[in-house]
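Peer 1: I'd like to ask you about the structure that follows.
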Amino acid sequence: MTATDRASRLEALQERTRYESAEVESRVFERWDQSGIFAPGDEGDEYSIAIPPPNVTGALHMGHALNGTIQDTLIRMHRMQGRRVKWIFGTDHAGIATQVQVEKLLASEGSSKQEIGREAFNERVWEWRREYGSTIVEQFKRLGASADYGDERFTMDDAYAKAVAHVFVALHEKGLIYRDNYMVNWDPGTRSAISDLEVEQRVMEDHLYEIDYPLASGGGSMTIATVRPETMLGDTAIAVNPHDERYTRLIGEEAILPLVGRRLKIIADDYVDPEFGTGALKITPGHDPNDFEIGRKHGLEELTVIGEDGRMTEAAGEPWAGMTADEARTAVVSQLRDEGLISAERPYTHDVPHSHRSGMRIEPLISLQWFCNMGELAGPAIEVVQDGRVRFHPERPWKKVYLDWLENIRPWCVSRQLWWGHQLPVWYCDPCEQTIVAEVAPESCPKCDGELRRDPDVLDTWFSSALWPFATLGWPEQTEALEAFYPTNVLSTARDIIFLWVARMVMMGMEFTGQVPFADVNIHSVIQAPDGRRMSKSLGTGIDPLEQIDAHGADALRFGLLAMSSSQDVRFSEEKIKQGQDLANKLWNASRLILLRVEDVDAAPMPETVEDRWILSRMERTTARVTELIASYDFSHAVLELYSAFWGELCDSYLEMVKPRLYSEDADRSALSATLLHVLERILTLMHPVMPFATEEIWSFLPPRDGEPRGLLATEPWPEPDSSRIDQAAEALVDGAIEAITAVRAQRDDLGVPVGARIPARLDAGGLDAVAPLIADMARLEFTDEGGEAAARVAVPGGVIELMAAEGVDAASAQERLEARRRELEAEITRAEGKLANKKFVERAPDEVVQAERDKLADYQRQLDQLD
RNA sequence: GGGCGGUUAGCUCAGCUGGUCAGAGCGCCUCGCUUACACCGAGGAUGUCGGGGGUUCGAGUCCCUCACCGCCCACCA
């Protein structure tokens, strides 16, 4: 860029009185992209974050936007700190979610996956992905996320699939993955088994029926209570508590299952609660998890009377076979009623498991599935969190939540009856009952050389997600990227997937790489809808981040989200986004003021005045504070710190103090220019990780450095706090001056003095002499030594400022404020005196606290004296 | 059934190990289109920190209890 180019750009800047985010963002993003900042550089200690991969089917929601902002803020700061940064980016194949999308598409074409077959279906999914899979990627770009887009991953990539198969086979060889006929959560909606973590409890209104089961001996009956009468068709026993005196004599006897006639053994088990219902429990090992356990314990027969299609099976017998479970319930109840076997029925409210995926009621049933025994894997994952190799932020309560879950971990059902996903690397030879588990498809049966049949099931999506931090880097190959960027530094996510994903990544990471997958886990807040409900598409409570970007700008959204979020769940507030927008605009205009008034200098700051030293000192403190806050994942405070440092200190105070010098045409403004440019550079740098677009755009207007046009702010070095610029004396002086200015302005306002009018005043506050010109200027006073009647007295740090009678000064109304101040001081004095008169306080409180109270009292006393 | 979190200005939220911690932004009121910005500036009002009890010289800040609200975990039919 030539000097004349710059001149004309500055000229154009004169006209741009507003920050136009839409216009700036696309242009700035293009510059970042072109210059290759998204890819890791060649130097520096590595710093990496693996993004929680969004679903390919996904659209950017507020959670993505918040987490994307958090990660990008970390990534950008560390990039500026000279680290060799990689933000591992990609998408998840999201088994069920994606399959459902494509099924819908097929349905709209009047087709179905059954009609076209598995192979063609999968081809359609890939096609779908080619067409729509980049949507969410582009949306992350609009956020300003500086991820390594050039090295994007997908959990169904060939290399990734190899890693998945490798892990499956290895765990199988170790005996941790096995096939079993076991009770699973069957989701009739997706027609697949799902894991415990994908089940959610919903409160349901049901009926609790009491049903009489006649005793085989003919002597009376036993009454059991159930909410699912239709499952009685699969009953194989009745259980009572061994200590329940009502039933002890019946243990070992038999009852007759009504409607069916099967003989049911009456067994004893501690599980049964004598207090509940009738104290007798029908046992249906095929359709209830508890009954299943009891059944296995007692060697009971397991009958499957409800099939995977949700209909009654042949085993249920006539006339129920073929009915849906609901129909069967109605039929069973009606027949029982006819036979007079229902002795009671009452409404019953209880929790019922539902599929998180389809929303359908879970049908517990026994199914042949693949499981992963997690106990052994959990050990190291517990250890690394206990010894601090993996740290949660905030630690409380997530560390405990994580540990509690791992310490009570249960087997994981990893097979899914879907078509889209990682198909199990398992083959069967039916004739010789061989099962082959191998990374590479075997040609034929090793025993009989016969044809093999591949297991049609795919793996739970979370199985492949669990490998994300290392499989994305090429594992199991020992790639350069793996060597450089694994383990990653931080994992950032909301709490809802701590078990589903975070814990499993730690387990798999430890098992297969021997290292933790990440050192820090940042658990951020969940953004709720403004009314406090969950933000969800189905509820219609979602707020589209892209619409927020359109309306307020990406920087505004980023600022707002960070300001909103803490460790607590928070309601979305568009006002916070608006605050971010105002901040971007203010930043833009403050920068214009500086850039358009300053001389083109290229020098270190040269403080000339106390306020110069003050702002330089304050900037160092802000630098240290912001750096520390971001590094400790305290984003809301980091962002508020930036806000108040920039708006409060730089704009409201410093820039106003400096204006007379800045606008004086005759004076040499080079020293001031150097200071102003330094301060501007510093604030832009500190704000860049949070508001990358506006800061980058402004940066491009800065004068050349070392004769060269500026490069990108995104790669500018992050400032090291410079303690030599800390100036406590200057800070005390200027802080005092600001306090005095505020007090005088308030008084003027009360007096009705016109804003622009300069009025005569006397300064009688020893400590403020050095900043008298500053106060005079900012508070529009003309200090004199002349006597005369004071129209008003204003208490200021260390003394008083007397406003002299002058035109527009209404002495009478001044009295009011003075009185108010006097009352305030008197109240404080009374309070302090009372405290100090309390012997116990003086005796027991720490000396410094007592002394501080004495100092306060003295100070108030002096102020009060000076008002008289 | 366990466990966790919340209840602070009209709204959304900060307040670490108890002693200027009663705050911020928005909103509201008054004044100002002053040569960066009206997406602005100057000034102002507003809270017995959910209720009750306790510990302490001193408590939004610790303990107990009650009341709502929310979340997580859990195999009581």
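The values are calculated or read from the model by the stated rules, or taken from the named source; none is laboratory data. These numbers come from a predicted model, not from an experiment. Neighbour counts are summed over all protein chains in view; Cβ atoms, including those assigned to glycine, are modelled from backbone coordinates with ideal geometry. When the accessible area is computed, the model is the full protein with side chains, heavy atoms only, and any ligands, DNA or RNA have been set aside. Shrake-Rupley method; radii C 1.70, N 1.55, O 1.52, S 1.80 Å.
Peer 1: Quick check on segment A:271-283. Is at least one of its residues assigned to a loop (DSSP other than H, G, I, E, B) and more than 9 Å from RNA strand B (Cβ to nearest atom)? Quick ask: steps written out before the conclusion?
Peer 2: Initial filter on segment A:271-283 (assigned to a loop (DSSP other than H, G, I, E, B)): A:271-279.
From what's left, more than 9 Å from RNA strand B (Cβ to nearest atom): none.
Looking for residues that are assigned to a loop (DSSP other than H, G, I, E, B) and more than 9 Å from RNA strand B (Cβ to nearest atom), one finds none in segment A:271-283, hence no.
Peer 1: Another question, then. Which of the following residues is in contact with a strand residue (DSSP E or B) (Cβ under 7 Å, 6 or more places away or on another chain), open to solvent by less than 30 Å² (accessible area, probe 1.4 Å) and among the hydrophobic types (A, V, I, L, M, F, W, C): A:Trp398, A:Trp427? First the steps, then the outcome.
Peer 2: Working: A:Trp398 fails: open to solvent by less than 30 Å² (accessible area, probe 1.4 Å).
The match here is A:Trp427.
Peer 1: Would you confirm whether or not segment A:168-175 contains a residue that is assigned to a helix (DSSP H, G or I), away from RNA strand B (no atom under 16 Å from the Cβ) and buried (at least 24 other Cβ atoms within 10 Å of the Cβ)?
Peer 2: Pass one, segment A:168-175, residues assigned to a helix (DSSP H, G or I): A:168-173.
Those left that are additionally away from RNA strand B (no atom under 16 Å from the Cβ): A:168-173.
If we keep only those that are buried (at least 24 other Cβ atoms within 10 Å of the Cβ) as well, we get A:168.
Taking every residue of segment A:168-175 in turn, at least one turns out to be assigned to a helix (DSSP H, G or I), away from RNA strand B (no atom under 16 Å from the Cβ) and buried (at least 24 other Cβ atoms within 10 Å of the Cβ).
Peer 1: Looking at segment A:117-134, which of the residues that are more than 20 Å from A:Thr472 (Cβ to Cβ) and not charged (D, E, K, R) is surrounded by the most Cβ atoms within 10 Å (Cβ to Cβ)?
Peer 2: Checking each candidate, the answer is A:Val125.
Peer 1: While we're on this one: Looking at (1) crowded, with 22+ Cβ neighbours inside 10 Å; (2) assigned to a helix (DSSP H, G or I); (3) not aliphatic (A, V, I, L, M), can you tell me which one A:Lys162 breaks?
Peer 2: Here A:Lys162 clears every test but (1).
Peer 1: Please go through segment A:107-127 and give me each residue that is on the phi > 0 side of the Ramachandran plot and among the aliphatic types (A, V, I, L, M), ordered by number.
Peer 2: Of the residues in segment A:107-127, the ones on the phi > 0 side of the Ramachandran plot are A:110, A:117.
Residues satisfying the conditions do not exist here.
Peer 1: On to the next question. Go through segment A:385-401 and report how many residues are charged (D, E, K, R) and away from RNA strand B (no atom under 13 Å from the Cβ).
Peer 2: Within segment A:385-401, the first condition is being charged (D, E, K, R), and the residues that meet it are A:387, A:389, A:391, A:395-396, A:399-400.
Next, from what is left, pick out any that are away from RNA strand B (no atom under 13 Å from the Cβ): A:387, A:389, A:391.
Residues that pass the stated criteria total 3.
Peer 1: I'd like the full set of residues that are open to solvent by 50 Å² or more (accessible area, probe 1.4 Å), in contact with a strand residue (DSSP E or B) (Cβ under 8 Å, 6 or more places away or on another chain) and either closer than 15 Å to A:Thr284 by Cα or assigned to a strand (DSSP E or B) (or both), limited to segment A:247-265.
Peer 2: Across segment A:247-265, the qualifying residues are A:Glu254, A:Arg262, A:Arg263, A:Lys265.
Peer 1: Pick from segment A:559-574 the residues that are more than 7 Å from RNA strand B (Cβ to nearest atom) and not in a loop (DSSP other than H, G, I, E, B): which of them is surrounded by the most Cβ atoms within 10 Å (Cβ to Cβ)?
Peer 2: Step by step, filter segment A:559-574, then rank; the result is A:Leu561.
Peer 1: Would you please name the residue that is farthest from RNA strand B (Cβ to nearest atom), looking only at residues in segment A:761-781 that are crowded, with 17+ Cβ neighbours inside 10 Å and within 22 Å of A:Glu819 (Cα to Cα)?
Peer 2: Among them, the one singled out is A:Arg762.
Peer 1: Right, another one. Suppose the filter is surrounded by fewer than 18 Cβ atoms within 10 Å (Cβ to Cβ), acidic (Asp, Glu) and within 11 Å of RNA strand B (Cβ to nearest atom); does A:Glu293 pass it? I'd like the intermediate steps shown before the answer.
Peer 2: Working: surrounded by fewer than 18 Cβ atoms within 10 Å (Cβ to Cβ): yes; acidic (Asp, Glu): yes; within 11 Å of RNA strand B (Cβ to nearest atom): yes.
Here the answer is yes, as A:Glu293 does meet what is asked.
Peer 1: Specify the residue that is farthest from A:Asp555 (Cα to Cα); the eligible residues are those in segment A:575-614 that are of a type in the set (A, V, I, L, M, F, W, C) and away from RNA strand B (no atom under 13 Å from the Cβ). Write out each step before concluding.
Peer 2: Of segment A:575-614, the ones of a type in the set (A, V, I, L, M, F, W, C) are A:577, A:583-584, A:587-588, A:590, A:593-596, A:598, A:601, A:603-604, A:606, A:610, A:614.
Restricting the remaining residues to those that are away from RNA strand B (no atom under 13 Å from the Cβ) gives A:601, A:603-604, A:606, A:610, A:614.
Working: A:Val601: 29, A:Ala603: 30, A:Ala604: 29, A:Met606: 32, A:Val610: 34, A:Trp614: 29 Å.
Among residues in segment A:575-614 that are of a type in the set (A, V, I, L, M, F, W, C) and away from RNA strand B (no atom under 13 Å from the Cβ), the one farthest from A:Asp555 (Cα to Cα) is A:Val610.
Peer 1: Hey, which of the strands (runs of 3 or more DSSP E) in segment A:431-526, taking only ones fully inside, have at least 1 residues that are β-branched (Val, Ile, Thr), open to solvent by 30 Å² or more (accessible area, probe 1.4 Å) and in contact (Cβ under 8 Å) with a residue 12 or more places away in the chain?
Peer 2: Working: elements: A:434-437, A:488-494, A:518-524.
Once the strands (runs of 3 or more DSSP E) in segment A:431-526 are filtered for at least 1 residues that are β-branched (Val, Ile, Thr), open to solvent by 30 Å² or more (accessible area, probe 1.4 Å) and in contact (Cβ under 8 Å) with a residue 12 or more places away in the chain, what remains is A:434-437.
The rows are residues; the columns are (1) within 11 Å of RNA strand B (Cβ to nearest atom); (2) part of a strand (DSSP E or B); (3) under 25 Å from A:Gly299 (Cβ atoms).
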{"position": "A:Val203", "(1), (2), (3)": "yes, yes, no"}
{"position": "A:Asp206", "(1), (2), (3)": "yes, yes, no"}
{"position": "A:Glu210", "(1), (2), (3)": "yes, yes, no"}
{"position": "A:Tyr213", "(1), (2), (3)": "no, yes, yes"}
{"position": "A:Gly219", "(1), (2), (3)": "no, no, no"}
{"position": "A:Ile224", "(1), (2), (3)": "yes, yes, yes"}
{"position": "A:Met232", "(1), (2), (3)": "yes, no, yes"}
{"position": "A:Glu245", "(1), (2), (3)": "no, no, no"}
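Peer 1: Taking the condition modelled with pLDDT of 80 or more, more than 14 Å from RNA strand B (Cβ to nearest atom) and open to solvent by 80 Å² or more (accessible area, probe 1.4 Å), does A:Glu807 pass? Walk me through how you get there before you give the answer.
Peer 2: Details: modelled with pLDDT of 80 or more: no; more than 14 Å from RNA strand B (Cβ to nearest atom): yes; open to solvent by 80 Å² or more (accessible area, probe 1.4 Å): yes.
No: the conditions fail for A:Glu807.
Peer 1: Then there's this: If only one of A:Val260, A:Val272 is in contact (Cβ under 8 Å) with a residue 40 or more places away in the chain and more than 18 Å from A:Glu363 (Cα to Cα), which one is it? Working first, answer last.
Peer 2: Values: A:Val272 fails: in contact (Cβ under 8 Å) with a residue 40 or more places away in the chain.
Exactly one residue qualifies, and that residue is A:Val260.
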